[in-house]
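I have placed the structure first, in the form of structure tokens, so that the comments after it can refer back to it.
The values are calculated or read from the model by the stated rules, or taken from the named source; none is laboratory data. In this text, all values refer to a predicted model and were calculated from it rather than measured experimentally. Heads up, the Cβs are rebuilt from the backbone with ideal geometry, glycines too, and the neighbour counts pull from every protein chain shown.
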Amino acid sequence: NSEFEDNLISKNCAILDTEFPPYVFTLQPLTKTKIHIDNNGKIINKVITPEEYISLKIDSVIKFDLWSASHIECKLNDINLNDLFGAEDRSIRGSFETKNQKLYYQVHSQIQ
């Protein structure tokens, strides 16, 4: 998928002050929503519902698209990423690198 080339997102960057590895990325849907995740070549591209809970161990880099920040609760270890993304109905594209604990993300307005 050309959307997830090796070029990482650089619009916004946060160095996360989280505990040492393992790094665990979790998603808890609040409503039916679409996600796309590339966790070191393991792809999840689907619509998820509130009954689903996704927990992924990150070995090096995870890249993700979330349809709406208001549809999902997203955490990396003990850090609530929604605090960075906001709670508005905006799409999120991001990546996290374990080697330097950097989270890159972009917040996009949705076309109405």
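Observations on the model:
- Restricting region 12-25 to residues that are modelled with pLDDT under 80 and surrounded by fewer than 11 Cβ atoms within 10 Å (Cβ to Cβ), the residue that is nearest to D65 (Cα to Cα) is I15.
- Test: N100 is surrounded by fewer than 18 Cβ atoms within 10 Å (Cβ to Cβ) and without any contact (Cβ under 8 Å) to a residue 24 or more places away in the chain: no
- Every condition in (1) under 22 Å from I44 (Cα atoms); (2) not hydrophobic (A, V, I, L, M, F, W, C); (3) not in a helix (DSSP H, G or I) holds for E88 except the one numbered (1).
Here's the yes/no breakdown for (1) over 23 Å from N100 (Cα atoms); (2) without any contact (Cβ under 8 Å) to a residue 60 or more places away in the chain; (3) loosely packed, with under 14 Cβ neighbours inside 10 Å:
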| position | (1), (2), (3) |
| --- | --- |
| L27 | no, yes, no |
| T31 | yes, yes, yes |
| I35 | yes, yes, no |
| V47 | yes, yes, yes |
| P50 | yes, yes, yes |
| S55 | no, yes, yes |
| I58 | no, yes, no |
| I62 | no, yes, no |
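- Evaluation of D83 against (1) surrounded by 14 or more Cβ atoms within 10 Å (Cβ to Cβ); (2) free of Cβ contacts under 8 Å to residues at least 12 places away in the same chain; (3) not basic (K, R) (one fails), failing number: (1)
- Of all residues in region 91-112, those being of a type in the set (A, V, I, L, M) and more than 20 Å from N40 (Cβ to Cβ) number 2.
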